[in-house]
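As C-alpha cells, the structure follows; a few thoughts come after it.
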Amino acid sequence: MSICDLALPNITAIQAYQPGKPIEELERELGISNIIKLASNENPLGPSPAVLSAIAEASKHICLYPDGNGFSLKNALAQKHQLNINQVTLGNGSNDVLELLARSFVSSSDEVIFSQFAFAVYALLIQAIGAIPVISPALDYGHDLDAMKKLITNKTKLIFIANPNNPTGTVLAPEKIKVFMKSIPSKVIVVLDEAYTEYTTQTVNTIDWLDTYPNLVITRTFSKAYGLAGLRVGYSLSHFDVANIINRIRQPFNVNSFALAAATVALMDNDYIVKTKELNDAGMQQFKLGLSNLGIDFIPSKGNFICVNVATDAGRVFEALLQQGVITRPIGSYGLPQHLRISIGQTSENERCLNALATTLELNYD
C-alpha cells in the first residue's frame, strides 16, 4: 500500500498547476545567461522606488507578526473604491481569495461553472474540494455568458468569470456582465476575476454594482499592474456578509508585512500605473505588428500578454525558444496545444522574442 492511497481520490486525480519556468532554473539546465522571461505576466518595470522604500522600512519589524487584519491596506482599498472596510478581504494573492470563496460556499454536491480556456486555477480549486465542474464552451476563445446562463441548475453555487481572461486575453463588455447578473438567481455567487483590469480602458466601474448584487464578488491583485508578484497580495470586494464568511476560514497572517506595506504604497502610486499601461500598450502594438509581419495568428488581448498560434506543436516551439534564452508559456493544458502565451516585456525583450520566433519557425522577420 502506498501512502498516496490514503489521500482523497479527488486530490490524487489533480494535475498540479505548472507555473512559468523561472530564469534560475533555465540557467541551471542549459548553462546560458542573458535570459528573458515572458511567461508569467509580470510587470517588466520592476518595483517603484516608493515600494522599495516601504519594504526597507517594513524590514525593521520582521521579528513581529504582520497585522492580521491588514487594517492600513484594507482601509486604503476601501477609500480608493469608496466601500466600507468590512467589504474588503485580503489574500495571499487573489488565488487565495478564490480558494476561500470555493471552500466557504461550495460542497461536494454543488456545481461550479467556468468557461473553457479560462484560468486553470478554477478547475483545480473545484477538483480539490470535490465539487462538480461545469465547463461552458468558449465563444471566440472567451466567455459566452448566454451559454453559461443555460448551464445554471438548482445545484449551481458559484460561477467564475475572468475579465480580461487569462490565458486568451479576451474581454467582456461590462454591459453584458450586468445583464447577466440581472438574469441569474440571487443564490448563485458570481466571482468576477479582474486581475488584469488595470490594463483595460474600461470606463464602467463594476464595483458600483456591489450594492445592487450581494451575490457579486470582485477579485483583484497587486501581482500584475502593480508589480508585486513576488510578494503575493490580492483582495476581494464584496457584500459584508460574503466577507464575513470567508474571513472565518482565512488563515491568520495570510498577507506578510512586506506585502502589506508595499501594496499600501503601490495603491497610491498612480504615476506608476500610468507608466505601466503606456509600456504595455506600446509593447502590445509592437507584438501585434511583428506577429502580423510574420504571418502568425494571435488572439486580440486586453491583458499584459498575447496568445499566439504557432500552427504547430507549441511545446516544441517553447523548447526551441528556451535554447535561445526566451521563456514563454505553452498552454496545451488549457486545450490550446498550438498556442503560446507571451507576456509583454520591455521593447528590447519583445523584439528579441519576435526574432527568436522567426528563427524557430523559419520565417523572415525584418
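Any read-out appearing in this document is the output of simple, stated calculations on the displayed coordinates, not a laboratory observation. What you see is a predicted model; the values in this text were computed from it and never measured. Counting neighbours? That spans all protein chains shown, and the Cβs are built from the backbone with ideal geometry, glycine included.
Taking every alpha-carbon pair under 8 Å whose residues sit at least 6 apart, the range 49-269 reaches a relative contact order of 30 percent. DSSP finds beta bridges in the chain, and of those with both partners inside it, around 50 percent are antiparallel. Let me know the shape class of the range 16-137, please: from the alpha-carbon gyration tensor, a ≥ b ≥ c as square roots of the eigenvalues, rounded when a/c is under 1.5, otherwise prolate if a/b is greater than b/c, or oblate. Verdict is oblate for the range 16-137. In this model, which of Lys21/Lys302; Lys275/Lys302; Lys155/Lys178 are farther than 18 Å apart at the alpha-carbon? Beyond 18 Å: Lys21/Lys302; Lys155/Lys178. When peptides 153-166, 263-276 are ranked by their average number of other Cβ atoms within 10 Å per residue, the highest-first order is 153-166, 263-276.
Less than 5 angstrom separates the built amide H of Arg329 from those of Arg341, all sequence-distant by 5 or more or on a different chain.
Toward the positive end of the charge dipole of the range 244-302, with +1 on the Cβ of Lys and Arg and -1 on the Cβ of Asp and Glu, the farthest Cα among Ala261, Tyr272, Gln286 is that of Ala261. Here the average projected area of the convex hull drawn through the C-alpha atoms of the range 11-68 stands at 8.0 nm². Averaging Cα coordinates gives a centre for the range 293-335 and one for the range 70-142; these two points are 27 Å apart. When a/c is below 1.5 the answer is rounded, else prolate if a/b is larger than b/c, else oblate, so apply that to the range 247-317 with a ≥ b ≥ c taken from the square roots of the Cα gyration tensor eigenvalues. Cα axes put the range 247-317 in the oblate bin.
For Ser115, the amide hydrogen comes within under 5 Å of the amide hydrogens of Ser136, counting only partners 5 or more places away or on other chains and with H modelled in the peptide plane. What shape does the range 153-308 have by the C-alpha gyration tensor, where a ≥ b ≥ c are the square roots of the eigenvalues, rounded means a/c under 1.5, and otherwise prolate means a/b greater than b/c and oblate the rest? Oblate, because a/c is 1.5 or more while a/b does not exceed b/c. Taken one residue at a time, the phi angles of the range 131-140 give Karplus couplings (6.51, -1.76, 1.60, θ = phi - 60°) of 7, 9, x, 10, 9, 8, x, 6, 10, 6 Hz. Gly and Pro are set to x.
Counting only DSSP beta bridges whose two residues both lie in the range 77-217, roughly 5 percent are antiparallel. Beyond 22 Å, the tail of the calculated P(r) for the range 113-226 holds 28 percent of the Cα pairs. Taking θ as phi - 60° and the Karplus parameters 6.51, -1.76 and 1.60, the scalar couplings of the range 303-316 work out to x, 10, 7, 9, 9, 10, 8, 8, 6, 7, 4, 5, x, 5 Hz in sequence order, x denoting glycine and proline. The H on the amide N of Asp297, modeled in the peptide plane, is under 5 Å from the matching H of Asn309, each at least 5 residues off or on a different chain.
Asn247 sits among other residues whose Cβ lies under 13 Å from its own Cβ, and their net charge, with Lys and Arg +1 and Asp and Glu -1, is +2.
Report summary: the helix-based calculation at 222 nm, which adds -39500 (n - 2.57) for every DSSP H run with n ≥ 4 and divides by the residues of the chain, gives -11500 deg cm²/dmol.
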